[in-house]
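What follows is a single structure, written as structure tokens, with notes after it.
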Amino acid sequence: MSLAISHSVTYDVDRVRRDFPILQRSVRGRQLVYLDNAATTQKPQQVIDRLTRYYREENSNVHRGVHYLSEVATAAYEGARTTIQRFLNAKSEKEIVFTRGTTEGINLVAQSWGRKNLRGGDEVLITAIEHHSNIVPWQLLCAEKGATLRVAPVNDAGEVIVEEFAKLLTDRTKIAAFGHASNALGTINPVRQMTELAHAAGAIVVIDGAQGVPHLPIDVQEIGCDFYTFSGHKVYGPTGIGALYGREALLDAMPPWMGGGDMILSVSFEKTTYNALPYKFEAGTPNIADAIGLATALDYIGSLGLEKIAAHEHDLLLYATERLQEIKGLRIIGTSRQKASVISFTLETVHPHDIGTILDQEGIAIRTGHHCAQPLMMRFNVPATGRASFGLYNTRAEADALVEGLKKVLEVFG
Amino acid sequence: MSDLRELYQQVILDHNKNPRNFHEMAGATSKVDGYNPLCGDHYTIFLQVDGDTVKDVSFTGSGCAISKASASVMSATVKGKSRDEIAKLFDTFHSLVTGEGGSANAAELGRLAAFSGVSEFPARVKCATLAWHTLNAALKGDSQSVTTE
């Protein structure tokens, strides 16, 4: 047997596609070609079924009932936390806080750790490729505290210039926050190296993992970061659920940021004692069903093999990048050496919105616009880009469809 | 392709490629910015208003073909018209692109009729109307920027 086995032998994308019912549907009379995975991913039948089963057979409130269903729901909800803990390789379930998504995770750190620890004159360091959700929470915090937001620049390939990042780290830097991978360009940051640099300067490290988790195996202990947060819906799970990993010692010392039920031990009008980790940060009835659905999604991608998914997506990235060279006037924005399967592009003569509308007529879904990264668009001097982002169920044939669709765009604009 | 040809009519492609009145205006009586924050479309409309009459219109900025052609055709159409005439044109144009007005009077619309295909593309209505909303704000004397979101 030859050793040169193509990944397609071990990764059966046709079989994978059968798990996603929405991929069977047609759009505008065409077979759907879904290339907007960086915005949100489609859900496998396994996740859909798990949500249905929860509501049909297990629905109950958690952590408070003595009855049978509450025990079942609590076990499933806490089981989901354990799944996430293992998925991220966190030390303990106490370090996993359920949130609505990445944005809430970042805001939690800014509002709880940040408000407690930041002083006037301190600095928060981010990078030029951040999503608005990793910019605005820090701006709010800095404005309140009289602190300063610093931004590490990127080079023309869309890579963070690590030397510049290092130079901006000083004893004033209290927080370094950066994405694992860029939603707009696909750039994968050297998060371990950046974490070491930030720690050496005495800053804590917050990683926006929204685009990391879907494409890369994650090990928070290996990265060494203090916080890592991601969204379920970008990794084949439900919307409205995500998680924040935080190092236990830090979480323990942080004040709660929302008050309510479930996050307390005892309440009197004089004094309230807060619950233990991670419940201190989960006020109110949580999003039980979707937390369980998220765990099912992580189990699902685990069963396909994270390394195999990454290899499949990398193949699509290389193939699509190569084929897009055929399109006259096409410029790829973001040519990082380490890149997730996201391709941002412009056409010389056609605005991204017009591209998006014409592709949509062909059943091809891409994102057009500034991708919630306006400062980054300014850096590359474009008002907007088209973005094709590939997921675990995409195929080379779909990359071909994109190329054919773009040829049609040029035809319309003659 | 037929819907696309309806959307991207020759007039639109032409005005996108060679926008009319596409420059800043010295001596403008008002100047208003229009944004579509979700798209990143951004135009500045310059007006010279004399009493009730819009003497001159020009614009600068960038955006998709629909928004740019709309700004261009609008600038050519409203020049020399009164506030009332412009308000009526905007109403008719709005009905046309949203598909809510039945069959609009083609003679009344002139070149603006080229935007009839937009009604089949609800996501693009805001592109077609951005310049008009901005003009409206300028005529009302709003100095603040407007958005279509």
Any idea what the dipole of the stretch B:2-142 comes to, in debye rounded to 20, about its Cα centre with Lys/Arg Cβ at +1 and Asp/Glu Cβ at -1?
-> 260 debye
Each residue of A:352-361 has, on average, a number of other protein chain C-beta atoms within 10 Å of its C-beta equal to 6
Report the full-extension gain for the segment A:H199 to A:D299: residue separation times 0.36 nm, less the Cα-Cα distance, to one decimal in nm.
-> 32.8 nm
Taking the dipole about the Cα centre of chain A, with the C-beta of Lys and Arg at +1 and of Asp and Glu at -1, give me whichever of A:L324, A:H353, A:I175 is farthest to the positive side.
-> A:H353
Among A:T285, A:V13, B:S62, whose Cα lies farthest out toward the positive end of the dipole of the protein assembly as shown, if unit charges sit on the beta carbon of Lys, Arg (+1) and Asp, Glu (-1)?
-> B:S62
Taking the Cα centre of each part, how many Å lie between the stretch A:282-296 and the stretch A:246-279?
-> 18 Å
FRET efficiency (A:N59, A:R337; Cβ distance; R0 51 Å; to 0.05) is 0.60
Output the DSSP H helices from chain A with an along-axis C-alpha extent of no less than 15 Å and a mean Kyte-Doolittle hydropathy no less than 0.5.
-> A:288-304
Test item: B:36-43 mean partner chain Cβ contacts at 10 Å = 5
How well do other chains shield peptide A:370-380, expressed as the mean number of their Cβ atoms within 10 Å of each residue Cβ?
-> 1
Projected label distance in nm at A:E348 and A:R396, using a 7 Å step from Cα toward the beta-carbon = 2.9 nm
FRET E, pair A:T52, A:Y319, Förster distance 41 Å, beta-carbon r, rounded to 0.05 | 0.70
Return a whole-number percent for the relative contact order of the stretch B:2-142, with Cα pairs under 8 Å and 6 or more residues apart as the contact set.
-> 29 percent
For A:T273 and A:Q139, compute 0.36 nm times the residue count separating them, minus their Cα-Cα distance, and round to one decimal in nm.
-> 45.1 nm
Exceeding the 26 Å Cα-Cα cut-off - candidates B:K31/B:K81; A:K91/A:K280; A:K408/B:K88; A:K94/A:K174; A:K145/A:K280 | A:K408/B:K88
How large is the charge dipole for chain A, taken about the Cα centre, if only the Cβ atoms of Lys, Arg (+1) and Asp, Glu (-1) carry charge, to the nearest 20 debye?
-> 360 debye
Residue range of chain A that is longest and free of GluC sites (Glu not before Pro) which are both DSSP loop and sparsely packed (at most 14 other C-beta within 10 Å) | A:1-269
Can you pull the one-decimal nm distance between simple spin-label points at A:Q24 and A:K91, each 7 Å off the Cα toward Cβ?
-> 4.8 nm
Net charge near A:N287: determine it from the other residues with C-beta under 15 Å of the C-beta of A:N287, scoring Lys and Arg +1 and Asp and Glu -1.
-> -3
Hull surface over four for the Cα convex hull of chain B, reported in nm², is 8.2 nm²
Rounded to whole Å, sorted largest first: equivalent-ellipsoid semi-axes of chain A, Cα gyration tensor | 36, 28, 18
Would you calculate the separation in nanometres between label points at B:R5 and B:K79, each defined as 7 Å from the Cα along the Cα-to-beta-carbon direction?
-> 3.2 nm
From the Cα centre of the stretch B:1-77 to that of the stretch A:66-84, the distance in Å is 58 Å
Between Rg and the Kirkwood Rh of the stretch B:1-75, both from Cα atoms, what is the Rg to Rh ratio?
-> 1.04
Report ³J(HN,Hα) in whole Hz for each residue of the stretch A:273-286, in order, from the Karplus equation J = 6.51 cos²θ - 1.76 cosθ + 1.60 where θ = phi - 60°; Gly and Pro get x.
-> 9, 7, 5, 6, 5, x, 5, 4, 9, 10, 6, x, 4, x
So what is the relative contact order for chain A, in percent, with contacts set as C-alpha pairs under 8 Å and at least six apart?
-> 22 percent
Have a look at A:G386, A:G259, A:G209 and tell me which one the Gaussian network model of chain A (Cα, springs below 10 Å) gives the largest fluctuation.
-> A:G259
Mind jotting down the distance between the C-alpha centroids of the stretch A:390-414 and the stretch A:161-229, whole Å?
-> 33 Å
Grab the other residues whose beta carbon is less than 11 angstrom from that of A:A90, score K and R as +1, D and E as -1, and report the net.
-> +1
Farthest toward the dipole's positive end in the protein assembly as shown, which of A:A399, A:C225, A:L140, given Cβ charges of +1 (Lys, Arg) and -1 (Asp, Glu) about the Cα centre?
-> A:L140
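Laboratory data are not the source of any read-out in this text; all were calculated from the coordinates shown. This one's a predicted model, so the numbers in the text were calculated from it and none came from an experiment. Glycine gets a Cβ as well: all are built from the backbone with ideal geometry, and neighbour counts include every protein chain shown.
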